[in-house]
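Enquirer: Can you keep this structure in mind? I'll have questions shortly.
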Amino acid sequence: MAAIEPTDKNVAQPERIKKYSRNLRFWHWANALVIFGSLLTVLVNATLNDRSTITPVIQNELAKSGVTVTAQQANGVGHELKDKVWEVHTYFGYALAALLLFRLGLEFFQLADQKFIRVLKSAITQFRVKKGNREPARHELVVKTLYSLFYLVLIVMALTGLFLAFEDLLAPFKYLRHSVKEIHGFCMYLVLAFIAVHIIGVLLAERKDSRGIVSDIINGGGLE
C-alpha cells in the first residue's frame, strides 16, 4: 500500500510540512477519548437512566422474579444507578483537567515552531502581510481561532466541573451552583459543535489540498 504523502504546509514556511510532536499527538487522542467518554455518560443518563425509562424497566424486571416495588422505590434504584454513572463522569472530568494542565505545560517544552501561541501569532501576521492570495492565511487564521475558542471552552468546562465535584468544600459559593451547572452544560453543546466542525473540516481538507492530516496526527507529519 502506498504511503500518503503529507501536504499540510506551514503557511509561514511553505517549504515545510507541518510537524506534530509525540506529546501533542498523545494529548490529541487522549483528550478525544476522555471527551467521548464524558459525553457518553451524559447520553446514558439522559436516555437509559432517565426516570421515565428506567423506572418501568426496574419494576418489570423485579416483577419477573416475583418482587413488587412501587414506582417511588424503583425510582430510588434508578437514581442510584444514575449517581454511579455521574461518578464515572466525574472521573472523566478529572482526566480532562489533568490533560489540560498537560497541554498548557507543553507550551513550555514544545519546539518553538510548534508552540500554539507562536503558531497563532504567525497566522495573524501572515494574514495581515499577505497582499495577493490570502486564502491559505485566512484559512489558517480561522482554524487557529477556532482552536483558541475550543481551548477556552475546555478550560471553562473543566473549572465548572471541578466546582460541581467539590461543591461541598466550596459551601460559601453554593449559591452559584445552578449557574455553574448551566454553564457546564452549555459548554457540552459547544464541544459537540466543535467536534462536528472539526470532523467536517478534516474530511474536506483531506479531499482538497491538505491530504494526510489524519495520518500526520497519528504518525507525526513531515519535517522536524
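Enquirer: Output the number of residues of region 148-163 satisfying the condition of being loosely packed, with under 15 Cβ neighbours inside 10 Å and of a type in the set (Phe, Trp, Tyr).
Expert: The number of residues fulfilling the criteria is 1.
Enquirer: Please indicate, with yes or no, whether at least one residue in region 162-176 is among the basic types (Lys, Arg) and more than 30 Å from Phe127 (Cα to Cα).
Expert: yes
Enquirer: Go through region 56-91 residue by residue and tally those that are under 27 Å from Ala165 (Cβ atoms) and not acidic (Asp, Glu).
Expert: Step one: of region 56-91, the residues under 27 Å from Ala165 (Cβ atoms) are 75-91.
In the following step, the residues that additionally are not acidic (Asp, Glu) were identified as 75-79, 81-82, 84-86, 88-91.
Summing the residues that are under 27 Å from Ala165 (Cβ atoms) and not acidic (Asp, Glu) in region 56-91 gives 14.
Enquirer: So Asn49 clears everything in (1) outside any loop (DSSP other than H, G, I, E, B); (2) surrounded by 13 or more Cβ atoms within 10 Å (Cβ to Cβ); (3) polar (S, T, N, Q) except one condition, right? Which one?
Expert: Condition not satisfied by Asn49: (1).
Enquirer: Kindly state which helices (runs of 4 or more DSSP H) lie completely within region 65-174 and contain at least 3 residues that are modelled with pLDDT of 95 or more. Give the steps one after another, and end with the answer.
Expert: Numbers: elements: 71-109, 116-129, 135-165.
The qualifying helices (runs of 4 or more DSSP H) are 71-109, 135-165.
Enquirer: Here's something else I'd like to know. Taking the options Val77, Val69, Val42, Val34, name whichever one is surrounded by 15 or more Cβ atoms within 10 Å (Cβ to Cβ), without any contact (Cβ under 8 Å) to a residue 12 or more places away in the chain and on the phi < 0 side of the Ramachandran plot. Reasoning before the result, please.
Expert: Numbers: Val77 fails: without any contact (Cβ under 8 Å) to a residue 12 or more places away in the chain; Val42 fails: without any contact (Cβ under 8 Å) to a residue 12 or more places away in the chain; Val34 fails: without any contact (Cβ under 8 Å) to a residue 12 or more places away in the chain.
Every option except Val69 fails the conditions.
Enquirer: When you scan region 38-86, how many residues do you find that are closer than 24 Å to Leu154 by Cα and hydrophobic (A, V, I, L, M, F, W, C)?
Expert: Residues in region 38-86 being closer than 24 Å to Leu154 by Cα and hydrophobic (A, V, I, L, M, F, W, C): 8 in total.
For (1) crowded, with 17+ Cβ neighbours inside 10 Å; (2) not assigned by TED's automatic domain parsing to the domain that holds Val153, each residue gets a yes or a no:
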site: Val88; (1), (2): no, yes
site: Phe92; (1), (2): yes, yes
site: Leu96; (1), (2): yes, yes
site: Leu99; (1), (2): yes, yes
site: Lys121; (1), (2): no, no
site: Thr125; (1), (2): no, no
site: Arg128; (1), (2): no, no
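Enquirer: Residue pairs, Cβ under 7 Å, 6 or more apart or interchain, first in region 146-164 and assigned by TED's automatic domain parsing to the domain that holds Lys174, second assigned to a helix (DSSP H, G or I) and charged (D, E, K, R). List them.
Expert: Close Cβ pairs (under 7 Å, with a partner that is assigned to a helix (DSSP H, G or I) and charged (D, E, K, R)) amount to Leu164/Lys181.
The values are calculated or read from the model by the stated rules, or taken from the named source; none is laboratory data. Since the structure is predicted, the reported quantities are computational estimates derived from the model, not experimental observations. All Cβ positions, glycine included, derive from the backbone under ideal geometry; neighbour counts span all protein chains shown.
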